[in-house]
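See structure below.
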Amino acid sequence: KRFFIVGHKKQSGGIKFDFDKLQRKVIVSVGEALADLPKLSNGQMLEESSYRANASSEYAKLMRKGQHKARQNYVTASKPHIIERYKAIGQGENWKAALEKGLLCSYSSTKHTHSGIYKRLCENEPSVTIANYRKSMLIHPWEHRGLSLREAARLQSFPDDFIFKGPHSYQQQQVGNAVPPLLAKAIFEQIIALT
């Protein structure tokens, strides 16, 4: 969950910001957001790749911005025992599914493990919050691997022409730390309308 604080100068009259009054947009599912991106495998690091399919959703069309290839299709390589855990986890499930199948025996304690660890995304639902998706080990909805940099960026509403800089781990952190651009746009449009 996200918590928002909107600050303002009291002497300027203040802003009466009400999230509940914002116009609700169409909900975009994980499947709609990711369906056209390239098919990738564990550890694949493609700087550029053709899209898997035509952009069928309005969201995918918006994210493509006329691009013909997806960039920064970087998937962190996971060890074989991690891939086995991924295979045991269905859409919407998390680390508990792997635990029930005896695949988390290397964990010394699951007492402080939160529900977002080893979470496989549901194709027909909106995405969970994208924090540091590599550390959380978010799982692709259809493929037995973690999310690629471009997939996580798509879920955060970064257009496909946005290029992340620095080492791969920094790029992953940039995506996770970011405020989704379309969310920022909606908030600032509301603030501007109220001032």
>> Modelling each spin label as a point 7 Å along the Cα-to-Cβ direction, I'd like the Arg52/Ala184 distance in nm, to one decimal.
In response: 2.8
> If packing is taken as the mean number of other Cβ atoms within 10 Å per residue, what is the order of 28-34, 53-59, 149-155, highest first?
Replying inline: 149-155, 28-34, 53-59
> Can you pick out the pairs among Lys96/Lys119; Lys65/Lys185; Lys39/Lys87; Lys39/Lys101 whose Cα atoms lie more than 21 Å from each other?
Replying inline: Lys39/Lys101
>> 5 Å is the cut-off here: which amide hydrogens, built 1.01 Å from N in the peptide plane, fall below it relative to Ser78, excluding neighbours closer than 5 in sequence?
In response: Gly43
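Every number in this text was worked out from the coordinates using simple rules, so none of it is lab data. Note that the coordinates shown come from a computational prediction; the quantities given were computed from them, not determined experimentally. Don't worry about glycine lacking a Cβ; one is built from the backbone with ideal geometry, like all the others, and counts go over all protein chains shown.
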